[in-house]
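These notes concern the structure reproduced below.
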There are 4 protein chains.
Amino acid sequence: MRPIRVMVWGENRHEQVEPSVAKIYPDGMHNAIRRGIEHWLGEKAVVTTATLDDPEHGLTEEVLAGTDVLTWWGHTAHGEVSDEVVERVHRHVLSGMGLVVLHSGHWSKIFTKLMGTTCTLRWRSANDRELVWTVDPTHPIARGIPHPIEIPAQEMYGEQFDIPTPDELIFISSFTGGEVFRSGCTFRRGNGKIFYFSPGDQDYPVYHHPDVLHVIANGVEWAVSDRPEREVPILLRYDMGDFFNGHGYRGAMHNKESGEESAE
Amino acid sequence: MRPIRVMVWGENRHEQVEPSVAKIYPDGMHNAIRRGIEHWLGEKAVVTTATLDDPEHGLTEEVLAGTDVLTWWGHTAHGEVSDEVVERVHRHVLSGMGLVVLHSGHWSKIFTKLMGTTCTLRWRSANDRELVWTVDPTHPIARGIPHPIEIPAQEMYGEQFDIPTPDELIFISSFTGGEVFRSGCTFRRGNGKIFYFSPGDQDYPVYHHPDVLHVIANGVEWAVSDRPEREVPILLRYDMGDFFNGHGYRGAMHNKESGEESAE
Amino acid sequence: MRPIRVMVWGENRHEQVEPSVAKIYPDGMHNAIRRGIEHWLGEKAVVTTATLDDPEHGLTEEVLAGTDVLTWWGHTAHGEVSDEVVERVHRHVLSGMGLVVLHSGHWSKIFTKLMGTTCTLRWRSANDRELVWTVDPTHPIARGIPHPIEIPAQEMYGEQFDIPTPDELIFISSFTGGEVFRSGCTFRRGNGKIFYFSPGDQDYPVYHHPDVLHVIANGVEWAVSDRPEREVPILLRYDMGDFFNGHGYRGAMHNKESGEESAE
Amino acid sequence: MRPIRVMVWGENRHEQVEPSVAKIYPDGMHNAIRRGIEHWLGEKAVVTTATLDDPEHGLTEEVLAGTDVLTWWGHTAHGEVSDEVVERVHRHVLSGMGLVVLHSGHWSKIFTKLMGTTCTLRWRSANDRELVWTVDPTHPIARGIPHPIEIPAQEMYGEQFDIPTPDELIFISSFTGGEVFRSGCTFRRGNGKIFYFSPGDQDYPVYHHPDVLHVIANGVEWAVSDRPEREVPILLRYDMGDFFNGHGYRGAMHNKESGEESAE
């Protein structure tokens, strides 16, 4: 079985400009996450990284076509991700590329586009302890995960989290202040699978926490598509009695739906 | 109890240019739908209409602020709906305005934006008989609806319908050719409720069918928000121990989430 | 519109034998709950009560046939509820009677029968503060409910709560110790609607808390069936092309499904 | 990786008494299903069979403890399955044993117990053609399955299918007569995973259909638990601040929940 090709995408801005963050993550959050996935998946995965300031943010058509699962962490520069790259990533997710969105990535262009909502929440950065509880013990992403995960210091995220109802709710977190949050959720979009996992923040060493990295690795493994080819859903006409030969159309007059073929 | 303020939006293009459509719907599909809602809801609703060619498509800020539920039918001119109006409608739905999307509206800008997927499907216009079966008999939208609804001639819509998993699946349709379709689905987005119902096409008199109009009326009634005010979810910071006083912030450096207040 | 006929069922054992409980609930938890529903629903409801020690636990065929929504609180004597009465209540719920299950009712015969799981959880009675957070703001049961509800002293219930995935998750609670719990859930079973709400315990004055009673009242209102008659789903044979005349059968040999008609 | 240990359970009554059935399935439906799973899973599975008339229906404690996934087909003799064996199977499913329920198994004691509903439906045995359509293309059970599966002759099953809302809806079927049915559904119960798949009937050679057998094999593979040990959820008390040491209790008076430990 071919290894999972994972791309860990990180904004890599805080690490450049905030000494406190650079101290926790000397080579960037993205490399801490990469090492975590490599640790837990071993030979099952091949992991690369890219950052915001790479050309095309490191997410060219060629790169995405060769990526099974993309992980995303962004925070202060969501607006700097080019719309063209967001469209490209969106198309690949709908075509079957897995996506794991982390923490403040809830407000990324790609996640809000896939969700259709504001994806807002309530927050506080005041050293809350976070406890991550498993509510779906049968889920592969929960395999081997302690109940609960104890994270001594974290940024609080609290409900209401303005997302569509998750397809699957795997984890719920609590914080010292008493807030709760649906911290581990899955969504299907087109032919792609998406996992959102909230623990993690540039001001805390959460991406060195073995259980957090274990969940991310499980999520990467889960998000791989088992379809042989990448294809985005398209609109096709089918004659009566013919289930397997679809016809594309353009124009909606004369009783025909406008048909647009999606370029891959 | 104040009547539900309903706005029936119709593209109103086919009716202008195709005599066969004008024959079925002399004053437009939107007026047929309006009469259906008025028939089934009576004094419980006040219904107005607007079309694509009205200024701002008839969907000004003032109109939307005074609309409890918007119904949407479009087909050949989805691309002509201005992005600015789509943003406005999107914001109102997330704030609590109900939305009922009909038939080819599956491919409207507003529906695809709320779903995050392509919303494509398979289709055929060849006089299939459609049977609409109820799979959730407890749902208010299914109240008083025959099991099944028989629609003698209809455009076929078939799976796969590229939508997110519906929050609730109320109706499933079959067609003469054997195709099936999740024809009645609900979605929550932000503080708003959305009902998608597929039967209906400009080439068939489906919007004169009493059971179809009954479902649409039930859907309108269901989609009304029971929150007293329209408000879009926003991102706020909360101090430890204070659950009711949120603070907005700008800028994500110095350990703070960028806080944007949404203008209503 | 006819008032909702509500039956509040209480075990009424703790109140008899534990002075500390009798002090908090001098005329029983069931009467506190009854008064709460009457307060919030006013003329919209007519509320009666029954207890374990009534003949047939107060749940005769006649009583159930005249009950729109049954609320259930039990704890120490689940095993004393007769199987015959449980069967009767089960049949009525599947036929359309609403059911609101409260707190330790999670382990009642009727709830475990409807769920098919153990319905176990983790717990502690040590004066935790409970915060009840709303995660589905569009839900009618959440109407008018503070975010969060603050309950100063409560018994802790924590995940994993061994229930099927709720149809709708409305509330999530946190406790002083850091545990979380899916505290407000809905389930559809047959033609009936079920709402489970966890806050409440014989050792704490939770059933005097206005917000808790408000949720229970909202839940009662939501659980009412809008079907005109009570009928349990049954298995019927339908000839090709006939959608409306089902035939009952007995015996599964000779290509026929065994058909059992359910007596109402 | 250790092979999946599959037990294919068949009622094996029709095959004994109806020559038409014996002709289609000379060594029983259970062996046709077994061969199908062996074909599609190869070395990944070790498959055995058992029937109703075996001692304890072939489902002793020892057998179940050594079974990863149980498949179930029954029809005319659901009532002859002993309650004691049903309890045992139920406990194992809640503990992590996978369950695949086939066709008329919808009315088995074990399935109705896990669902909590009547599990009734509408039916007809008149050589309908069945088309099985995929509605969740990302699901592992849908891997490699044609869209649609064409089954030339089948017993019709139609909505309303009185089950709880499935956790996941994978397949929807249509029939010549126009009926629809949610033919492929998953449910989680406790630590176990359940897949219900409707195509198949003793009067039709459906269990020789390669696509049907492929789905069953995919379902078996999906239903395997990835937890290392079989354990049924139990109710435990946890002290404040201690998340990992639960205490069992008996008796609900004096502020303690009655704690029952489930024997495995």
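The values are calculated or read from the model by the stated rules, or taken from the named source; none is laboratory data. Model, not experiment: these values are computed from the prediction. Cβ coordinates were reconstructed from backbone atoms using ideal geometry, including for glycine residues, and neighbour counts include every protein chain displayed. Please note that ligands, DNA and RNA were not included when accessible areas were found on the heavy atoms of the full protein model with its side chains. Shrake-Rupley method; radii C 1.70, N 1.55, O 1.52, S 1.80 Å.
Just a yes or no: is a residue in the stretch A:97-120 among the basic types (K, R) and closer than 23 Å to C:H147 by Cα? Looking for residues that are among the basic types (K, R) and closer than 23 Å to C:H147 by Cα, one finds none in the stretch A:97-120, hence no.
The condition (being open to solvent by 10 Å² or more (accessible area, probe 1.4 Å), closer than 17 Å to C:G98 by Cβ and either out of contact with any strand residue (DSSP E or B) (no Cβ under 8 Å at 6 or more places or on another chain) or not assigned by TED's automatic domain parsing to the domain that holds C:L99 (or both)) is satisfied by just one residue among C:R35, C:R2, C:R13: C:R2.
When each of A:M115, A:M156 is tested for being at the interface with another protein chain (Cβ under 7 Å from one of its Cβ atoms) and either crowded, with 21+ Cβ neighbours inside 10 Å or aromatic (F, W, Y) (or both), the lone residue that passes is A:M115. The strands (runs of 3 or more DSSP E) falling completely within the stretch A:68-141 that include 1 or more residues that are touching a Ser or Thr at 6+ places or on another chain (Cβ under 7 Å) and closer than 30 Å to A:I234 by Cα map to A:69-73, A:98-102. No other residue among D:I145, D:I151 is aliphatic (A, V, I, L, M), under 21 Å from D:A32 (Cβ atoms) and outside any strand (DSSP E or B) apart from D:I145.
For C:T76, the stated conditions hold: it is modelled with pLDDT under 95, of a type in the set (S, T, N, Q) and farther than 30 Å from D:F161 by Cβ. The number of residues in the stretch D:1-51 that are in a loop (DSSP other than H, G, I, E, B), among the basic types (K, R) and away from every other protein chain (no Cβ under 14 Å) comes to 1.
As a summary of the residue check, B:M1 satisfies the conditions (1) hydrophobic (A, V, I, L, M, F, W, C); (2) in contact with a helix residue (DSSP H, G or I) (Cβ under 7 Å, 6 or more places away or on another chain); (3) within 21 Å of B:A217 (Cβ to Cβ) except for the one numbered (2).
When every residue of the stretch B:132-141 is checked against the conditions, none turns out to be over 21 Å from the mean Cα position of the chain (by Cα), within 14 Å of B:V212 (Cα to Cα) and of a type outside the set (D, E). Looking at the stretch A:54-63, is at least one residue within 9 Å of another protein chain (Cβ to nearest Cβ) and surrounded by fewer than 22 Cβ atoms within 10 Å (Cβ to Cβ)? Looking through the stretch A:54-63, none of the residues is within 9 Å of another protein chain (Cβ to nearest Cβ) and surrounded by fewer than 22 Cβ atoms within 10 Å (Cβ to Cβ).
Considering the stretch B:161-197, and only residues there that are without any contact (Cβ under 8 Å) to a residue 24 or more places away in the chain and in a strand (DSSP E or B), the residue that is surrounded by the most Cβ atoms within 10 Å (Cβ to Cβ) turns out to be B:V180. Within the stretch A:79-89, the set of residues being farther than 17 Å from A:E62 by Cβ and not aliphatic (A, V, I, L, M) comprises A:G79, A:E80, A:D83. Among the criteria (1) more than 7 Å from every other protein chain (Cβ to nearest Cβ); (2) in contact with a Leu (Cβ under 7 Å, 6 or more places away or on another chain), the one C:I163 does not fulfil is (2). Taking the stretch D:15-36 as the range and being of a type in the set (A, V, I, L, M, F, W, C) and more than 16 Å from D:G105 (Cβ to Cβ) as the test, the residues that pass are D:V17, D:V21, D:A22, D:I24.
Taking the criterion of being touching a helix residue (DSSP H, G or I) at 6+ places or on another chain (Cβ under 9 Å) and over 19 Å from C:D162 (Cβ atoms), the residues of the stretch D:210-231 that qualify are D:P210, D:V212, D:L213, D:H214, D:V215, D:I216, D:A217, D:N218, D:G219, D:V220, D:E221, D:W222. Of the residues making up the stretch D:64-98, those that are of a type in the set (S, T, N, Q) and surrounded by fewer than 19 Cβ atoms within 10 Å (Cβ to Cβ) number 1. With respect to B:V101, is the statement that it is buried (at least 23 other Cβ atoms within 10 Å of the Cβ), over 27 Å from D:E179 (Cβ atoms) and of a type in the set (V, I, T) true? Against the criterion (buried (at least 23 other Cβ atoms within 10 Å of the Cβ), over 27 Å from D:E179 (Cβ atoms) and of a type in the set (V, I, T)), B:V101 does not qualify.
Of the residues making up the stretch C:218-235, those that are modelled with pLDDT under 95 and either more than 8 Å from chain D (Cβ to nearest Cβ) or assigned to a strand (DSSP E or B) (or both) number 6.
Out of curiosity, is B:P199 more than 14 Å from chain A (Cβ to nearest Cβ) and over 26 Å from A:N191 (Cα atoms)? Taking the combined requirement at face value, the residue does not satisfy it. Scanning the stretch A:122-135 for residues that are at the interface with another protein chain (Cβ under 7 Å from one of its Cβ atoms) and within 25 Å of C:F161 (Cα to Cα) returns A:L131, A:W133, A:T134, A:V135.
With respect to B:H103, determine if the residue is within 14 Å of chain A (Cβ to nearest Cβ) and farther than 30 Å from C:N191 by Cβ. No.
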